[in-house]
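Quick note: the coordinates plus some simple rules give every number you see, no bench work behind them. Only a predicted model underlies this, so the values are computations on that prediction, with no experimental measurement involved. Virtual Cβ from ideal backbone geometry, glycine too; neighbours counted across all protein chains shown.
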Amino acid sequence: MSDFLGPDTALATEFVDLDGDGHLETTLVDSDSDGYVDTALTDVDGDGYDDVAAFDNAPDGEFVPDVVAVDHTGDGVADVILDDTDLDGTFDDVTTGPGTVLADSNPYGGTWGQSWSGPSGDDVFEVPSS
């Protein structure tokens, strides 16, 4: 994982092109500095803002999301949160978003420790405007 430290944070992040289209649509984050990815933020529609946040809360070294938050309105806020509460691989709780920024919508702890909108087209983190 390449290192990128967000402003005032010590998070290792990597911007990647998982679908091979030449655009860095996914941000992989190691928020607890254990050397393993525990959050993936993805810009599905290519507008430069994250639409899906996947969180792995199990400290087993393998990235298997147990919480997935989706922003389907494009406002940067989680609209739906899927939660695998017993870590059996099946999402068993679906709730509406709590009105938090997508990257901070993990009910078991935020990714950034503060609200970030995710990478823009120039791969710079931006504090969301209120």
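Taking each residue as 0.36 nm, the span from H23 to D60 lengthens on full extension beyond its C-alpha to C-alpha distance by 10.4 nm.
Is the shape of region 12-104 best called rounded, prolate or oblate, per the rule: a/c under 1.5 gives rounded, else a/b larger than b/c gives prolate, else oblate, with a ≥ b ≥ c the square roots of the Cα gyration tensor eigenvalues? Oblate shape, in that a/c is at least 1.5 and b/c is the bigger or equal ratio. Summing Lys, Arg as +1 and Asp, Glu as -1, what charge do residues with Cβ under 11 Å from the Cβ of P98 carry, P98 excluded? Taking every Cβ under 11 Å from that of P98, the sum is -2.
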